[in-house]
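Trainee: Attaching a single structure in structure tokens format; questions to follow.
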Amino acid sequence: MKDDTKLAAAGRPHHRPAHPVNPPVERASTYLFPTYDDYLEGAKSITYGRLGTPTHRALEEAVTALEGGFETRLAPSGLQACNAAILAFVATGDHILMTDAAYDPTRKFCEKFLKRFGVETTFYDPLASKEEVAALMRPNTKVVFAESPGSLTFEVQDLPMLAEAAHAGGAKLVADNTWSGGYYCKPIELGADVSIQAGTKYLAGHADCLIGTITSADEQTAKKIYYALLQLGSNVSADDAYLTLRGMRTLSTRLSRHQESTEELIKFFKKRDEIDRILHPALKSCPGHAIWKRDFSGASGLFGVVMKPAPLPALKAFFNALKLFGMGFSWGGFESLCLHVRPEQYRTATEWREEGHVLRIHAGLEDIDDLKADLERAFAAMHAALK
Ligand SMILES: *Cc1c(COP(=O)(O)O)cnc(C)c1O
């Protein structure tokens, strides 16, 4: 089956003579076993609410259908999906290699929290060569963490190369695949042991819930992920699992529109004098573009623009004039977003040298002409503030 068919077919109920199209929301802590034998058997995959109800299983099945691999487990947020996947493989005295362009809270989890437990993290250039990565590997490296393209700066990483380097040193490659929605990139096919998504973004797609997905390539990896989540007491509400599966039904339709509008916005920004550079993997100028062409089947709607240096009052006037582009964290919903971000605050292995303000844009599903008009209005306000 092709992805669009999987998105429509996966995780649907098929039992009973007549059944609803969608799996109902099954809210439960306690399950009752009718007989002692049922209890001994643990009712197969459903035993207790924290370990998931049929609503959760349906979403897990759909994400596995999309990402490939052995199985998917859910986490209450994208961040916890990242953290639990790292925790599954490290102990005191171990070492993590993490991309310098990782989502900042994931980075902080390693830099601050895991450090207290004697786990050390080295950050590597997201564009590092095979030799450079190999040189950073240590005998105690247990996790190589990738995020492609990188948060805020959009460098595309060579996952097959990273998988080889990780495996040569006995480490797991854990990849944050949020940007592609699991649709445009398949890290597990490319050699990753674990592919993670903040389902909060494109899977749920409506800016109304937080959820994380962790897909393991094989059974042994999946067991470690399962026990990490279990021992952490992790729980996802059945309502959020339901919303996310519901969002997935329209994932490909939404993504193609996000992609189309992004292409239009890039054309728009290219003509604007206020803009210095555009950061988007589909552009030749974007670091890792050749890898994007090799490993991705498309592009989603999150990208960056570097402005020519402008004073703060002008930037403020720009943001305050925007009516359709909301100023807010997260992304991947139906609505457009524009946020001032500061990559220079989060790097240690690489240096962010651009002087201008960096805007992170999410192209939503609004009419493209209205979106362009909104930006034009904001640029006009910016110029007025400079007079
Ligand atoms: C948003 C995001 C996360 C965290 O997801 P939450 O659901 O907000 O916790 C992790 N990784 C990436 C790349 C993200 O964009």
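Trainee: Being part of a helix (DSSP H, G or I), among the small types (Gly, Ala, Ser) and buried (at least 20 other Cβ atoms within 10 Å of the Cβ): is that true of Ser261 here?
Mentor: Judged against the criteria, Ser261 is a match.
Trainee: On to the next question. Using the structure shown, decide if Leu173 is surrounded by fewer than 19 Cβ atoms within 10 Å (Cβ to Cβ) and among the hydrophobic types (A, V, I, L, M, F, W, C). Reasoning before the result, please.
Mentor: On the way: surrounded by fewer than 19 Cβ atoms within 10 Å (Cβ to Cβ): no; among the hydrophobic types (A, V, I, L, M, F, W, C): yes.
No, not satisfied.
Trainee: Go through the residues of the stretch 127-141 one by one and say whether even a single one is buried (at least 23 other Cβ atoms within 10 Å of the Cβ), part of a loop (DSSP other than H, G, I, E, B) and assigned by TED's automatic domain parsing to the domain that holds Ala88.
Mentor: So far as the stretch 127-141 goes, no, none of its residues is buried (at least 23 other Cβ atoms within 10 Å of the Cβ), part of a loop (DSSP other than H, G, I, E, B) and assigned by TED's automatic domain parsing to the domain that holds Ala88.
Trainee: Provide a single number: the residues in the stretch 336-387 that are of a type in the set (Asp, Glu), modelled with pLDDT of 95 or more and more than 26 Å from the chain's Cα centre (by Cα). Walk me through it before giving the result.
Mentor: Residues of the stretch 336-387 that are of a type in the set (Asp, Glu), as a first pass: 344, 351, 354-355, 366-367, 369-370, 374, 376.
This time we only want the ones that are modelled with pLDDT of 95 or more, so: 366-367, 369-370, 374, 376.
Those left that are additionally more than 26 Å from the chain's Cα centre (by Cα): 369-370, 374, 376.
Qualifying residue count, the stretch 336-387: 4.
Trainee: Here's another thing I want to ask about it. Could you say which residue among Leu229, Leu210 is touching a residue at least 24 places away in the same chain (Cβ under 8 Å) and either part of a helix (DSSP H, G or I) or farther than 19 Å from Gln80 by Cβ (or both)? Please lay out each step first, then the result.
Mentor: Numbers: Leu210 fails: either part of a helix (DSSP H, G or I) or farther than 19 Å from Gln80 by Cβ (or both).
Step by step, each of Leu229, Leu210 is checked, and only Leu229 is touching a residue at least 24 places away in the same chain (Cβ under 8 Å) and either part of a helix (DSSP H, G or I) or farther than 19 Å from Gln80 by Cβ (or both).
Trainee: Next up: Here are some residues: Pro24, Pro76. Which one is open to solvent by 40 Å² or more (accessible area, probe 1.4 Å), in contact with a Gly (Cβ under 9 Å, 6 or more places away or on another chain) and touching a residue at least 24 places away in the same chain (Cβ under 8 Å)?
Mentor: Only one candidate qualifies: Pro76.
Trainee: If a residue must be more than 15 Å from Ile196 (Cβ to Cβ) and within 12 Å of the ligand (Cβ to nearest atom), how many such residues does the stretch 154-178 contain?
Mentor: Final tally of qualifying residues: 1.
Trainee: Do you know which of the residues in the stretch 59-102 that are among the aliphatic types (A, V, I, L, M) and over 20 Å from the mean Cα position of the chain (by Cα) is nearest to His14 (Cα to Cα)? It would help to see each step written out before you state the result.
Mentor: Keep residues of the stretch 59-102 that are among the aliphatic types (A, V, I, L, M), which gives 59, 62-63, 65-66, 74-75, 79, 81, 84-88, 90-91, 96-98, 101-102.
Filter once more, so that each one left must be over 20 Å from the mean Cα position of the chain (by Cα): 90-91.
On the way: Val90: 40, Ala91: 42 Å.
Top of the filtered list is Val90.
Trainee: Against the condition of a type outside the set (D, E, K, R) and free of Cβ contacts under 8 Å to residues at least 12 places away in the same chain, how does Gly328 come out, does it pass?
Mentor: Numbers: of a type outside the set (D, E, K, R): yes; free of Cβ contacts under 8 Å to residues at least 12 places away in the same chain: yes.
In short, yes.
The values are calculated or read from the model by the stated rules, or taken from the named source; none is laboratory data. Small disclaimer: the values here were computed from a predicted structure and weren't measured. Note that each Cβ is placed from the backbone with ideal geometry, even for glycine, and that neighbours are counted across all protein chains shown. With ligands, DNA and RNA removed, areas are computed over all heavy atoms of the protein, side chains included. Shrake-Rupley method; radii C 1.70, N 1.55, O 1.52, S 1.80 Å.
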